[in-house]
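Structure record follows, encoded as structure tokens.
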Amino acid sequence: MRPLLQIALDLTDKKRALEIANLIAPLVDILEVGTPLLKAVGVEIITSLKQLYPNKLILADTKTMDVGKVEAELVFNARADMMTVCAAAPLETIKAAVTKTQTLNKKIVVDFIGVENKLERGREIVSLKPDYFNLHTAIDVQQVKGKSFEDLDLFRKHFNIPLCVAGGIIPEDIPKFMPYKPAIIIVGGFVTKAKDPKSAVIALKKEIERAL
Ligand SMILES: O=C(CO)[C@H](O)[C@H](O)COP(=O)(O)O
């Protein structure tokens, strides 16, 4: 199955975020309100994007670490379709966020950013039945250690939860992880920093089609 393409609007400037959204929205499946954008602008940006693109999924990258129910209510009341919670958060927080999300018929992604022993942590979380696990190399880590996609293979073998992949993805990376059949491919900087964000998305989509 073709993976969904999610573009992360990791900006702090609302005007530029909306400009990029306008260029790429018809081509993507999920528009992500990146963590910096959510912090800079607030949840109103979720509502604005949903009003502009009602047929697109809007993901709020809350990276929730505590008060799972409160943060879920905040972003879903603002019309998000999906949110994120950190795998490193207390299990109580993950459970609260998952429960609220499921009550509202929305989707939740557990993000393994910064988790050292991912397999062990995955085993602790899996029974909470989140919608997705995100294997994600942090931007700061990418700059020091580079990126890696090998955990996708491990997670596919051990868990029956759809996977997202994120962290510095460029078109050349796509064939490296497509054999592990990610459900969602998440790309930020390659698109938001491109001179021509629309062409950047087209290049990603071409590579995805080629690797199917
Ligand atoms: O959540 C994020 C950073 O924490 C980013 O949205 C994600 O890493 C995708 O951006 P990039 O492709 O630039 O790494």
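The values are calculated or read from the model by the stated rules, or taken from the named source; none is laboratory data. Fair warning: this is a prediction, and the values are worked out from it, not measured in the lab. Note that we place each Cβ from the backbone using ideal geometry, even for glycine, and neighbour counts take in every protein chain shown.
Brief remarks on what is shown
- Hey, N134 in a loop (DSSP other than H, G, I, E, B) and either modelled with pLDDT of 95 or more or of a type in the set (S, T, Y) (or both) or not: no
- The condition (being under 23 Å from E32 (Cα atoms), surrounded by 15 or more Cβ atoms within 10 Å (Cβ to Cβ), within 19 Å of the chain's Cα centre (by Cα) and more than 15 Å from the ligand (Cβ to nearest atom)) is satisfied by just one residue among V110, V98, V115, V141: V98.
- Residue tally, condition more than 13 Å from the chain's Cα centre (by Cα), more than 10 Å from the ligand (Cβ to nearest atom) and not hydroxyl-bearing (S, T, Y), over the stretch 144-167: 16
- Residue pairs meeting the criteria (Cβ under 7 Å; at least 6 apart or on separate chains; first over 20 Å from E32 (Cβ atoms), in the stretch 167-178; second at pLDDT 95 or above): P175/A211; M178/A211
- Looking only at residues of the stretch 40-74 that are within 12 Å of the ligand (Cβ to nearest atom) and not polar (S, T, N, Q), we find that the one that is surrounded by the fewest Cβ atoms within 10 Å (Cβ to Cβ) is K63.
- The single condition among (1) touching a residue at least 60 places away in the same chain (Cβ under 8 Å); (2) of a type in the set (A, V, I, L, M, F, W, C); (3) within 13 Å of the ligand (Cβ to nearest atom); (4) touching a Cys at 6+ places or on another chain (Cβ under 8 Å) that A183 does not meet is (3).
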